[in-house]
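So the structure is just underneath, and the comments pick up after that.
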Amino acid sequence: MRGQVSIGPAYQGRDGSERIDMGQPENRSVRQIEEEIEQTRTQLASTIDQLVYRTKPATIVQRSKDQAVDTLREATYTPDGQLRTERVAIAAAVVVALIGLAIYRRTRG
């Protein structure tokens, strides 16, 4: 059994990748283990790259901006692309009221 290492059988992990159950012995060659280690390193590097990208401030700002635009679009347009005039009218009235209030406060105070 020279060059063989005993480890358990493979099973599928939550992310769909192959995992090894270390509790059940199985004969595997050193080459197979090295290949698995290299595959794991590649997956880990990819995961780290994704985390670095997702935590960049510019990425977070862009994601937040895209989310705000989508929310506004959903609030002001129907699924078939028609403008929801009643909602736009309410928003416009609120903006006009706030501007009027700001002008009133400046002239009074």
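The values are calculated or read from the model by the stated rules, or taken from the named source; none is laboratory data. Just so you know, these numbers come straight off a predicted model, no measurement behind them. As a convention, Cβ positions derive from the backbone with ideal geometry for all residues, glycine included, and neighbour counts pool all protein chains shown.
Just to verify a result, which residue in segment 29-64, among those that are surrounded by 10 or more Cβ atoms within 10 Å (Cβ to Cβ) and not in a helix (DSSP H, G or I), is modelled with the highest pLDDT?
Checking each candidate, the answer is Lys56.
For segment 60-95, which residues satisfy the criterion of being aliphatic (A, V, I, L, M) and touching a strand residue (DSSP E or B) at 6+ places or on another chain (Cβ under 7 Å)?
Leu83
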